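Trainee: Below is a structure I'd like to ask you about.
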């Protein structure tokens, strides 16, 4: 049985808010491409995680998020519920924050650890200080979701790079996780992934001031 969005509860229904953060859409990624290598620290525990740690799993969800972005805040509780549900079914999950603390200190490691503890994240929340991992993935916004599948000993391959659902902080669409949960259901049941994948919409990743993209 797939993820039931009704379990998100009425507290996660979208509220009519005015969001002044600039909207950025995720760019098209090459489906079928291999998952980039990463080796990043988890501020909460001090453990260093790398891609190889997830090799035993049939699927891996990589999420680029941060603490301050209203688009991420809008989905945080739903993300926790959705990932809790699918991690019990064999999905591996990791979240990464790549924002510059020079411009957004509230996204720094200390506050990441506090956030992970407060919300009881079931997945590691990693710090990409150099921003190299974000560049390797082609990530440009938060939240941004990359879903990979793995067949046997073959490398993880990208099968979904789309939105969580249609809900935004500034509309009245209930948070459901529909788009992402459908993709995960397909991966875990070895079914074809939907070919239509709507881009994520969120805040731009906050690059270091000296960075030119």
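Read-outs throughout are calculated quantities, based only on the coordinates presented, and are distinct from any laboratory measurement. Given the structure is predicted, the values throughout are model-derived calculations rather than measurements. All Cβ positions, even for glycine, are placed from backbone atoms using ideal geometry, and neighbour counts span all protein chains on display.
Trainee: Could you order peptides 102-111, 171-180 by the average number of other Cβ atoms within 10 Å of their residues, highest first?
Mentor: Numbers: 102-111: 15.1, 171-180: 19.0.
Packing order, densest peptide first, comes out as 171-180, 102-111.
Trainee: Nearest 5 is fine: what % of DSSP beta bridges in the chain come out antiparallel, could you say? Numbers along the way, then the final one.
Mentor: Values: 17 of 26 bridges.
Percentage antiparallel, nearest 5: 65.
Trainee: Can you tell which of 190, 100, 167 shows the greatest fluctuation in a Gaussian network model of the chain with Cα springs below 10 Å?
Mentor: Sorting by GNM fluctuation, first place goes to 190.
Trainee: Also, quick follow-up: Averaging sequence separations of C-alpha pairs under 8 Å and six or more residues apart, then dividing by the length of the chain, give the relative contact order as a whole percent.
Mentor: Working: 442 pairs, mean separation 72.3, N = 213.
That works out to 34 percent.
Trainee: Below 8 Å between Cα atoms, with a sequence gap of 6+, how large is the relative contact order for region 64-122 in percent?
Mentor: The normalised contact order for region 64-122 reaches 48 percent.
Trainee: At 222 nm, what helix-only mean residue ellipticity would the chain give, in deg cm²/dmol to the nearest 500, using -39500 (n - 2.57) for each DSSP H run of four or more?
Mentor: Details: 4 runs with 45 residues, N = 213.
That calculation yields -6500 deg cm²/dmol at 222 nm.
Trainee: Continuing with the same structure: Please give the contour-minus-distance gain from residue 129 to residue 102: 0.36 nm per residue of separation, less the Cα-Cα distance, rounded to one decimal in nm. Provide the component values of the computation, followed by the final result.
Mentor: Details: separation 27, 0.36 × 27 = 9.72 nm, distance 1.07 nm.
Length difference between fully extended and current span is 8.6 nm.
Trainee: What is region 90-156 by shape, rounded, prolate or oblate, if you read a ≥ b ≥ c off the alpha carbon gyration tensor as root eigenvalues and call it rounded for a/c under 1.5, prolate for a/b larger than b/c, and oblate otherwise?
Mentor: On the way: a/c = 2.72, a/b = 1.46, b/c = 1.87.
Judged from the Cα gyration tensor, region 90-156 comes out oblate (a/c at least 1.5, b/c at or above a/b).
Trainee: Here is a follow-up. Compute the Cα gyration tensor for the chain, then decide on rounded, prolate or oblate, letting a ≥ b ≥ c be the square roots of its eigenvalues: rounded whenever a/c is under 1.5, prolate when a/b is larger than b/c in the other cases, and oblate in all that remain. Provide the component values of the computation, followed by the final result.
Mentor: Working: a/c = 1.37, a/b = 1.06, b/c = 1.29.
Verdict is rounded for the chain.
Trainee: How many nm is it between the label spots at residue 185 and residue 34, if each spot is 7 Å from the Cα in line with the beta carbon?
Mentor: My value for the distance between the label points is 3.3 nm.
Trainee: Pick from 193, 184, 96: which is most flexible by mean-square fluctuation in a GNM of the chain where alpha carbon atoms under 10 Å apart are linked?
Mentor: 193
Trainee: Go ahead and run the numbers for FRET between residue 84 and residue 25, Cβ-Cβ distance against an R0 of 35 Å, rounding to 0.05. Before the final figure, lay out the partial values.
Mentor: Numbers: r = 28 Å, r/R0 = 0.79.
Efficiency at R0 = 35 Å is approximately 0.80.
Trainee: Moving to a separate point now. Using only the Cα atoms of region 142-213, build the gyration tensor, take square roots of its eigenvalues as a ≥ b ≥ c, and label the shape rounded, prolate or oblate: rounded if a/c is under 1.5, else prolate if a/b is larger than b/c, else oblate.
Mentor: Oblate is the answer for region 142-213, as a/c is 1.5 or above yet b/c matches or exceeds a/b.
Trainee: Zone of residue 166 (label point 7 Å along Cα→Cβ, backbone N under 12 Å): which residues in region 175-210?
Mentor: The answer is 175-176, 178-179, whose backbone nitrogens lie closer than 12 Å to the label point.
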